């Protein structure tokens, strides 16, 4: 397998904008990825969701175009344009035909420099966010269990705040909040702009300079982000969903960051533990025991360590059995490690999957923006196959000890019928209980909040 970072040019405008141009001539399309550092870090601690709403409003009218006109011109050109917020950045991505690359850059410059941020659009967007949360609680709470998990694990740390917002915060956010966020968190030196595809590099470089070189810097540096402390011992958040026929559960602790040096080994071990259908977790919880239809594990890695988590679900009466089996499987990984044969299997699987995520101009635009954001360097891509090939049992064991939590030091979240499962989940640590209908994802400070200021 050969996947290498394509030839590209990196320019830095005088005001701090990082511009990356990636000519790819295979199809007549141009993709962009614009990353504005800050994201949810810039939210007021009492009102998470401002960054998410600000991001959503970037495509709801900008420059001389209102929301309808903006959407109409994107659709008329057969393009795509979307924005969203993450814990550390707002990302704006899209794709247009190569012949429309000037229009594409015009729309992007309007959205970033001249968003309308109209009150009516804000109220509509916030209302839809609230309805999405309520719909998930009604029909599929598993969509929200990671949000509950991060709030419980990270506490007051910014990673614990729901970037999407909560029912309470979304109802409180007004246009002044969004305007203050925009004026305080948007600026030239925060921007990474990647343009990839069948581009006229000289033309786009000139247009980008014309569009962005006079954009002032943000008034302050992006908010700082402390390294979160993991939980020690076990503790449980029980989210009561009366009458629920099944329990959704999440088990996690603080993991590793984006620059973790053993990334290849981490990917292989997680593939074996919970990253594919034949993983240890899925084999135990689905294939052998039939307690669940699926179980997975993953790492969320940012500029500081995010969470390691595993998640699954079981019939209400099997809650205790499923939790115990998941924790025993994690303990088995820590105790027994992995064999050379297991690593070879995961290596073949990973090498087969890896190129599929780096095929298009849009894929490369997003990846190069990520590399720039976290300072990862070309080796993050170019050296990865060789790193995978070099992983042996000793390095895999080091990753297990460094990144995967001990089964007796985890935060556990269970969403289910509290009356029927409280006794089962109470076997795994002190229980904090709240209701699924509560408008927040946390009941405030919890006894295990190691990240309290």
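The values are calculated or read from the model by the stated rules, or taken from the named source; none is laboratory data. What you see is a predicted model; the values in this text were computed from it and never measured. Backbone-built Cβ (ideal geometry, glycine too); neighbour counts: all protein chains shown.
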Kindly state which helices (runs of 4 or more DSSP H) lie completely within the stretch 346-453 and contain at least 2 residues that are touching a helix residue (DSSP H, G or I) at 6+ places or on another chain (Cβ under 9 Å) and within 30 Å of residue 131 (Cβ to Cβ). 418-425
Please verify whether the stretch 185-199 includes one or more residues that are at pLDDT 95 or above and over 30 Å from residue 29 (Cβ atoms). yes
Scan the stretch 324-333 and give yes if some residue there is modelled with pLDDT of 95 or more and either under 25 Å from residue 12 (Cα atoms) or not in a helix (DSSP H, G or I) (or both), otherwise no. no
Within the stretch 408-420, track down each residue that is more than 14 Å from residue 248 (Cα to Cα) and surrounded by fewer than 20 Cβ atoms within 10 Å (Cβ to Cβ). 408, 409, 419
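Listed residues 219, 223, 158; which is loosely packed, with under 15 Cβ neighbours inside 10 Å, under 27 Å from residue 302 (Cα atoms), touching a helix residue (DSSP H, G or I) at 6+ places or on another chain (Cβ under 7 Å) and not assigned by TED's automatic domain parsing to the domain that holds residue 372? Can you show your working first?
Numbers: 223 fails: loosely packed, with under 15 Cβ neighbours inside 10 Å; 158 fails: loosely packed, with under 15 Cβ neighbours inside 10 Å.
Answer to the check: 219.
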Looking only at the stretch 293-321, count every residue that is more than 16 Å from residue 145 (Cα to Cα) and either free of Cβ contacts under 8 Å to residues at least 12 places away in the same chain or crowded, with 24+ Cβ neighbours inside 10 Å (or both) and tell me the total. 0
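I need the helices (runs of 4 or more DSSP H) fully contained in the stretch 1-115, keeping only those with at least 1 residues that are farther than 29 Å from residue 168 by Cα and out of contact with any strand residue (DSSP E or B) (no Cβ under 7 Å at 6 or more places or on another chain). Full working, then the answer.
Numbers: elements: 50-57, 67-76, 101-113.
Passing ranges, in order: 67-76, 101-113.
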Extreme residue, nearest to residue 413 (Cα to Cα), among residues of the stretch 293-319 that are part of a helix (DSSP H, G or I) and touching a strand residue (DSSP E or B) at 6+ places or on another chain (Cβ under 9 Å): 319
Among the numbered conditions (1) in the same structural domain as residue 268 (by TED's automatic domain parsing); (2) modelled with pLDDT under 95, tell me where residue 443 comes up short. (1)
I'd like to check which strands (runs of 3 or more DSSP E) are fully inside the stretch 148-265 and have at least 2 residues that are over 30 Å from residue 105 (Cβ atoms) and within 22 Å of the chain's Cα centre (by Cα). 246-254
Lone unmet requirement of (1) buried (at least 18 other Cβ atoms within 10 Å of the Cβ); (2) closer than 20 Å to residue 57 by Cβ; (3) in contact with a helix residue (DSSP H, G or I) (Cβ under 6 Å, 6 or more places away or on another chain) for residue 195: (2)
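Answer yes or no as to whether residue 82 is under 24 Å from the mean Cα position of the chain (by Cα) and either under 30 Å from residue 386 (Cα atoms) or touching a residue at least 24 places away in the same chain (Cβ under 8 Å) (or both). Spell out how you get there, then give the answer.
Numbers: under 24 Å from the mean Cα position of the chain (by Cα): yes; either under 30 Å from residue 386 (Cα atoms) or touching a residue at least 24 places away in the same chain (Cβ under 8 Å) (or both): no.
When the stated conditions are applied, residue 82 does not pass them.
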